[in-house]
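Asks: The structure that follows is given in the form of structure tokens.
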Amino acid sequence: MANAFVGVDFYDVDSLLSEEERAVRDTVRAWVEEHLMPIIGDAYIEGEFPKQLIPGMADLGFFGANLPEEYGCAGLNNVSYGLIMQELERGDSGIRSFASVQGALVMYPIFAFGSEEQKKHWLPRLASGEEIGCFGLTEPDYGSNPGGMITTAKETTDGWLLNGAKMWITNGSQATVSIIWAKTGAIDDTKSIRGFIVPASTKGYTAKDQKGKLSLRASDTSEIVLQDCLVPKDAILPKSGGIKSPLMCLTQARYGIAWGGIGAAMACYDEALSYSKERIMFGKPIGQTQLQQSRLAEMLTEITKAQLLTLQLGRLKDRGTMTPDQVSLAKRNNINMACEAAREARRLLGANGILAEYHSMRHMANLESVYTYEGTHDMHTLILGQAVTGLPAF
Amino acid sequence: MKIAVCIKRVPDMDLRFAIGAGGKALDPVGLKFDIADFDGYAVEAGLRLVESHGSGEVVVVSIGPTAVQETLRKALGMGAHRAIHLDAAEVPFDGMSIATALAAELKEGGYDLVLFGRMATDSANQTVGPMAAHLMGLPCVTAISKLDIANGRGTAERQLEGATETMEFPMPAVVTIDEGLGRPRLPSLKGIMAAKKKPLEVKPAQLGAANLTVDVIAFPPDRPPGRIIGEGADAVPELIRLLQTEAKVL
Ligand SMILES: Cc1cc2nc3c(=O)[nH]c(=O)nc-3n(C[C@H](O)[C@H](O)[C@H](O)COP(=O)(O)OP(=O)(O)OC[C@H]3O[C@@H](n4cnc5c(N)ncnc54)[C@H](O)[C@@H]3O)c2cc1C
Ligand SMILES: Cc1cc2nc3c(=O)[nH]c(=O)nc-3n(C[C@H](O)[C@H](O)[C@H](O)COP(=O)(O)OP(=O)(O)OC[C@H]3O[C@@H](n4cnc5c(N)ncnc54)[C@H](O)[C@@H]3O)c2cc1C
């Protein structure tokens, strides 16, 4: 068996972390090594999310770990939260996606936009994994432009009547509760977008797996249909208002994803490095050739840059000054970097690189989803373009 | 039930390590430190005993420089109730010196059980537990793989070559722990946060005289390279001759 993963730390970035941050990272790293790595290859091939891992993740406090203790969460700072995402994605982007959705896209909106009763009811249950959540924003015809959504919520005497369809929803089929975004006013009024807590057992709510994925196969991605789905009046998230509310959730999730990209890239670099030292071709290790050293040097450089940039992003978030544009830069850079690292690692591994027994190709395929979701790479380019020129190009 | 667990901060010996310039110690550069493996099992054993008992406390104790506080906090993160740091600039190699300091701290502490790992994974002396037991005048069972406490008496199992030995002992007692009692749990994220608020007492270590010193640490010599005598059936007679005359295994 390969040696336990020890991370990549060429610039002693560890010395910039507190003892507590390192302890959090070490717990998640050890958990991934022990519980995720042995099963992830098979889960990926089977196309199944490994549900059996949920209780263990919940017991250790992986869900919504940066939310306060009074709601059953760990109350960690944002750097520690980022390190959790990094380590989970070192294992698999699908597992990190599960935790991102549960924490940043379900628990966070309840925390930020929910009433005190909603917080007290839902957050401890989501932290403990008793309830599994999903986040329904994207629709078949509205991806990069979610403000165009056509799902509606009409207020009636009995509550809110939801109608519409959501697509590409992570955790959709296994979720017991869904955060659904819908327009409460005119169809061109993005200010009327509100969030609703919709239990999956609600009449008129159906979720079905999206089949045929070649990426994020160990994650559940579903289509959700809402047909005259009636929820009580208090299902609305009272403090949500306008498209900026779901976008605030995405900022939280993207922040974690930026960290996750480092994890996936480290996994690929680590695999490529050890393979390059062991694989003998033409009488010497391939790691002793200039071509492969160039691959490794490039990966190491990009990982190190991403580590420093993302740690600073975390420090800004902990200070309360982080901007969404800064998150766009990190998500865009890190996921693109991870895509490149995964592809180069896969190539370095020769034919072995296409096997599920190794990890690089799984990461490579997964990262194509991560490149697309939470704002495509292109969209983040346009966000940065707008940020510096003041001129929107989308 | 009141349980003390003595833990040592050691370098992770699975990672690549180098011998320092003086040849008497490991080069500290690049080493990653953690609770010694068997000591982690001892913490787990202590926590399980207190949990199954429904009450009591687990006190973790470590000797060394300030850095051992990180290791103590890891055990607090796993669930230990409080920690004692016996401050010493260095951890002596002589087990008796260490055992003296631990016995001085633990003797009057009112502990029902004092747990140790079977050995520290760096120095591998296997001496500190039994020596501390002797100094405290307590019975000592070593390298156990199962432990039950009932009616003020302990029952422990030890794995012998091809057999299992079951022993009974009165309490208080010293027990050293092998693997088998249950893998050490990971500190949960809430545990890590809680550890910062748990008591951690710092006292000077009253080390005993150190009579042993390390003379030199060396890696084993490289194995001589293999030799290819020939290929195919033609090489067999020569191979047999060499196995008889040179390797002397036939
Ligand atoms: C595995 C997976 C899981 C997902 N999970 C969730 C989830 O849990 N919840 C959720 O709500 N959504 C989820 N999504 C949806 C995801 O957020 C969308 O796929 C994403 O926003 C892109 O939308 P789209 O697929 O409709 O692509 P489109 O918006 O159709 O984009 C297609 C292409 O056009 C480009 N493009 C779009 N607009 C412009 C422009 N103005 N200028 C230049 N180029 C442009 C894009 O960059 C992209 O390359 C998930 C997606 C995937 C793949
Ligand atoms: C799906 C599939 C089908 C195949 N079908 C067949 C088949 O039908 N028949 C058959 O005979 N073979 C087949 N192959 C084998 C294929 O030809 C080999 O995989 C290929 O030659 C590479 O060899 P390798 O996998 O051992 O990689 P390696 O030779 O170990 O190479 C590993 C890495 O090192 C690099 N490298 C190697 N040498 C050097 C050097 N000197 N300097 C710098 N870099 C170097 C390589 O470019 C690669 O990136 C198949 C492979 C696959 C994946």
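Asks: Which ones in region A:354-394 are of a type in the set (A, V, I, L, M) and closer than 25 Å to residue A:246 by Cβ?
Replies: Within region A:354-394, A:367, A:370, A:379, A:382, A:383, A:384, A:387, A:388, A:391, A:393 qualify.
Asks: Still on this model: Taking only pairs six or more apart or across chains, which ones have beta-carbon atoms under 8 Å, a first residue in region A:76-88 that is away from chain B (no Cβ under 13 Å), and a second residue that is buried (at least 24 other Cβ atoms within 10 Å of the Cβ) and not in a helix (DSSP H, G or I)?
Replies: Pairs found: A:78/A:66.
Asks: Being without any contact (Cβ under 8 Å) to a residue 24 or more places away in the chain and within 13 Å of chain B (Cβ to nearest Cβ) is the filter; apply it to region A:31-58 and report the residue that is surrounded by the most Cβ atoms within 10 Å (Cβ to Cβ).
Replies: A:35
Asks: Only one of these conditions is not met by residue B:230: (1) more than 14 Å from every other protein chain (Cβ to nearest Cβ); (2) of a type outside the set (Ser, Thr, Tyr); (3) within 29 Å of residue B:124 (Cβ to Cβ); (4) exposed (fewer than 15 other Cβ atoms within 10 Å of the Cβ). Which number is it?
Replies: Result: residue B:230 passes all but (3).
Asks: Among the residues of region A:321-335, is any β-branched (Val, Ile, Thr), under 18 Å from residue A:252 (Cα atoms) and over 20 Å from the mean Cα position of the chain (by Cα)?
Replies: Scanning region A:321-335, I find at least one residue that is β-branched (Val, Ile, Thr), under 18 Å from residue A:252 (Cα atoms) and over 20 Å from the mean Cα position of the chain (by Cα), so the answer is yes.
Asks: Let me ask you something else. Could you list, in sequence order, the residues of region A:276-314 that are within 16 Å of residue A:7 (Cα to Cα) and touching a Phe, Trp or Tyr at 6+ places or on another chain (Cβ under 8 Å)?
Replies: A:296, A:299, A:300, A:303, A:304, A:307, A:308, A:310
Asks: A further question on this structure: Kindly indicate whether residue B:203 is within 30 Å of residue B:57 (Cβ to Cβ) and away from chain A (no Cβ under 14 Å).
Replies: It is true that residue B:203 is within 30 Å of residue B:57 (Cβ to Cβ) and away from chain A (no Cβ under 14 Å).
Asks: Inspect region B:205-218 for any residue being modelled with pLDDT of 90 or more and assigned to a strand (DSSP E or B) and give the result as yes or no.
Replies: No, region B:205-218 contains no residue that is modelled with pLDDT of 90 or more and assigned to a strand (DSSP E or B).
Asks: From the list B:22, B:40, pick out the single residue that is of a type outside the set (Val, Ile, Thr) and buried (at least 23 other Cβ atoms within 10 Å of the Cβ).
Replies: One residue alone meets the criteria, B:40.
Asks: Where in region B:97-164 are the strands (runs of 3 or more DSSP E), entirely inside, with at least 1 residues that are farther than 24 Å from residue B:50 by Cα?
Replies: B:153-160
Asks: Right, another one. Just to be sure, is residue A:267 part of a helix (DSSP H, G or I) and either within 12 Å of the chain's Cα centre (by Cα) or under 22 Å from residue A:199 (Cα atoms) (or both)?
Replies: no
Asks: List pairs: first residue in region A:273-299 and within 14 Å of chain B (Cβ to nearest Cβ), second residue more than 7 Å from ligand 2 (Cβ to nearest atom) and of a type in the set (Gly, Ala, Ser) anywhere in the structure, Cβ distance under 8 angstrom, at least six positions apart or on different chains.
Replies: Partner pairs satisfying both residue conditions: A:273/A:287; A:274/A:2; A:277/A:287.
Asks: Shifting gears a bit: Taking region A:74-98 on its own, how many of its residues are farther than 29 Å from residue A:269 by Cα and surrounded by fewer than 24 Cβ atoms within 10 Å (Cβ to Cβ)?
Replies: 1
Asks: Do you know which of the residues in region A:317-332 that are within 16 Å of ligand 1 (Cβ to nearest atom) and closer than 30 Å to residue A:293 by Cβ is farthest from the other protein chains (Cβ to nearest Cβ)?
Replies: Filtering region A:317-332 for residues that are within 16 Å of ligand 1 (Cβ to nearest atom) and closer than 30 Å to residue A:293 by Cβ, the one farthest from the other protein chains (Cβ to nearest Cβ) comes out as A:332.
Asks: A further question on this structure: When the residues of region A:340-388 are filtered to those that are of a type in the set (S, T, N, Q) and surrounded by fewer than 18 Cβ atoms within 10 Å (Cβ to Cβ), which remaining residue is nearest to ligand 2 (Cβ to nearest atom)?
Replies: Only one residue tops the list, namely A:352.
Asks: I would also like to ask the following. Kindly check whether there is at least one residue in region A:241-249 that is within 15 Å of ligand 1 (Cβ to nearest atom) and among the basic types (Lys, Arg).
Replies: No, every residue in region A:241-249 fails to be within 15 Å of ligand 1 (Cβ to nearest atom) and among the basic types (Lys, Arg).
Asks: List pairs: first in region B:48-74 and within 11 Å of another protein chain (Cβ to nearest Cβ) and in contact (Cβ under 8 Å) with a residue 40 or more places away in the chain, second in a helix (DSSP H, G or I) and not acidic (Asp, Glu), Cβ under 7 Å, 6+ apart or cross-chain?
Replies: Once the first residue is within 11 Å of another protein chain (Cβ to nearest Cβ) and in contact (Cβ under 8 Å) with a residue 40 or more places away in the chain and sits in region B:48-74, its partners that are in a helix (DSSP H, G or I) and not acidic (Asp, Glu) give B:73/B:195; B:74/A:23.
Asks: A further question on this structure: Name every residue in region A:15-29 that is part of a helix (DSSP H, G or I), more than 9 Å from chain B (Cβ to nearest Cβ) and under 17 Å from residue B:67 (Cα atoms), in order of residue number.
Replies: Listed by number, the residues that qualify are A:15, A:16, A:21.
Asks: When you check residue A:314 against the structure, is it more than 14 Å from chain B (Cβ to nearest Cβ), more than 16 Å from ligand 2 (Cβ to nearest atom) and free of Cβ contacts under 8 Å to residues at least 60 places away in the same chain, yes or no?
Replies: Spelling it out, it is not the case that residue A:314 is more than 14 Å from chain B (Cβ to nearest Cβ), more than 16 Å from ligand 2 (Cβ to nearest atom) and free of Cβ contacts under 8 Å to residues at least 60 places away in the same chain.
Asks: Among residues belonging to region A:284-311 that are of a type outside the set (Val, Ile, Thr), more than 16 Å from ligand 2 (Cβ to nearest atom) and within 14 Å of residue A:344 (Cβ to Cβ), point out the one that is surrounded by the fewest Cβ atoms within 10 Å (Cβ to Cβ).
Replies: Among those residues, the one meeting the criterion is A:300.
Asks: Return yes or no: is residue A:234 within 14 Å of chain B (Cβ to nearest Cβ) and away from ligand 1 (no atom under 16 Å from the Cβ)?
Replies: Taking the combined requirement at face value, the residue does not satisfy it.
Asks: Output yes when any residue across region A:130-141 is closer than 23 Å to residue B:193 by Cα and touching a helix residue (DSSP H, G or I) at 6+ places or on another chain (Cβ under 9 Å), and no when none is.
Replies: Yes, the conditions are met somewhere in region A:130-141.
Asks: Would you call residue A:115 in contact (Cβ under 8 Å) with a residue 60 or more places away in the chain and farther than 19 Å from residue A:231 by Cβ?
Replies: Taking the combined requirement at face value, the residue does not satisfy it.
Asks: Additional query: Can you tell which of A:91, A:114, A:133 is away from ligand 2 (no atom under 16 Å from the Cβ), away from chain B (no Cβ under 11 Å) and under 30 Å from residue A:354 (Cβ atoms)?
Replies: Answer to the selection: A:91.
Asks: Another question about this same structure. Exactly one condition in (1) away from every other protein chain (no Cβ under 14 Å); (2) under 30 Å from residue A:267 (Cβ atoms); (3) away from ligand 1 (no atom under 16 Å from the Cβ); (4) of a type outside the set (A, V, I, L, M, F, W, C) is not met by residue A:119; state its number.
Replies: (2)
Asks: Can you work out which of the residues in region B:50-72 that are touching a Leu at 6+ places or on another chain (Cβ under 7 Å) and surrounded by 21 or more Cβ atoms within 10 Å (Cβ to Cβ) is farthest from residue B:106 (Cα to Cα)?
Replies: B:72
Asks: Same structure again: Taking strands (runs of 3 or more DSSP E) that do not extend beyond region A:127-187, which have at least 2 residues that are surrounded by fewer than 23 Cβ atoms within 10 Å (Cβ to Cβ) and near ligand 1 (Cβ under 10 Å from one of its atoms)?
Replies: Passing ranges, in order: A:160-170.
The values are calculated or read from the model by the stated rules, or taken from the named source; none is laboratory data. For clarity, every value in this text was computed on a predicted model and none was experimentally measured. Glycine also receives a Cβ, built like all others from the backbone with ideal geometry; neighbour counts cover every protein chain displayed.
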